[in-house]
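Please treat every number below as a calculation from the coordinates, not as lab data. Remember, it's a predicted structure, so these values are computed and weren't measured experimentally. Note that each Cβ is placed from the backbone with ideal geometry, even for glycine, and that neighbours are counted across all protein chains shown.
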């Protein structure tokens, strides 16, 4: 393979890494036990973080099998929900977040809206059953990596992906047993279908001592000399048709289906509430995972998520909370735009973060 052909996988790796940083956020805490009267609801505001002081499990350490790792995480979220009727609950959440990937910061936005309808009430050994439907996704204006990177013998000085985003539509069935006046057990299962897209991928590369601007399209790539060069042989412009082995628009832009199941236990009294939830996800993606395995690499199609939550009522309507989330394969299935054929190797790694804030009931 000549050096110009190497531009395709190398630029994809860098641009996709820029977008590396959820099933819908906090699905591990799903419950069918929304019994609020019509017009009652809640608003939650929180700060999300991971840094060296909080990383007591040493989750952010660079592994021996990958060249980069997730570093600090910080962000904020606002969640609101309201009961339209005693059986119908709607809610939505918005996040702003920034994730340190050692050589650059990724600034992302996430959103989620859903409606949940309770089909039956709990009665004896029978659980309350609810159906939940919603949509969620992630997006960024653009993500750029400016530091030098060498991939397949070619040095890249920057790479940019514009308008990366993902969008999912999801349906879940939830059952909740009331074990006592103060405790409950919930189980859930569901599926979502979504798609990852972007507008453009571009890069700058140094080839044979010259700097080139690299543009990608469905037809292939185009390289244009970025500045005067004194190499012996200077090519001012070149094109390369889309490769059958590397295709940006199949390996970083694709549809996916995710199946999930899990359980959540809750206990509360007048002042305290404790919750612990577990969520398992399995993903099927168009094209990209088959391409990964055909090259002898590992496609990560699963994730185990554990969420624990403790809250304390400082007044009858205001509660403070601390929440932790641990993932077996970092953000796999959590932020789909991050996953593609050349970032998949990072997804063997555990990761987690902590949230703290307050909830106001009305």
Net lengthening on full extension, residue 107/residue 208 (0.36 nm per residue, minus Cα-Cα): 33.0 nm
All-pairs Cα distance distribution in the range 171-277, expressed in whole percent, bin size 5 Å: 2, 9, 13, 10, 9, 7, 6, 6, 6, 6, 6, 6, 5, 4, 2, 1, 0
Spin-label pair residue 358/residue 250, simplified geometry with 7 Å Cα→Cβ offset, distance in nm: 5.4
Euclidean distance of C-alpha centroids, the range 105-137 and the range 172-214, integer Å: 17
Gained length - residue 179 relative to residue 317, 0.36 nm times residue gap less alpha-carbon distance: 47.2 nm
Where the Cα pairs of the range 115-229 fall when distances are cut into 5 Å bins, in %: 2, 9, 13, 12, 10, 8, 7, 6, 6, 7, 6, 6, 4, 2, 1, 0
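For residue 348 and residue 298 in one chain, what is 0.36 nm times their gap in residues minus the Cα-Cα distance, to one decimal in nm? Please report the intermediate quantities before stating the final value.
On the way: separation 50, 0.36 × 50 = 18.00 nm, distance 0.90 nm.
Net length gain for the segment: 17.1 nm.
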Distance in nm between pseudo-label sites at residue 222 and residue 270 (7 Å out along the Cβ direction from Cα): 7.3
Which of 297, 202 has the fewest Cβ neighbours within 10 Å, and the rest in rising order: 297, 202
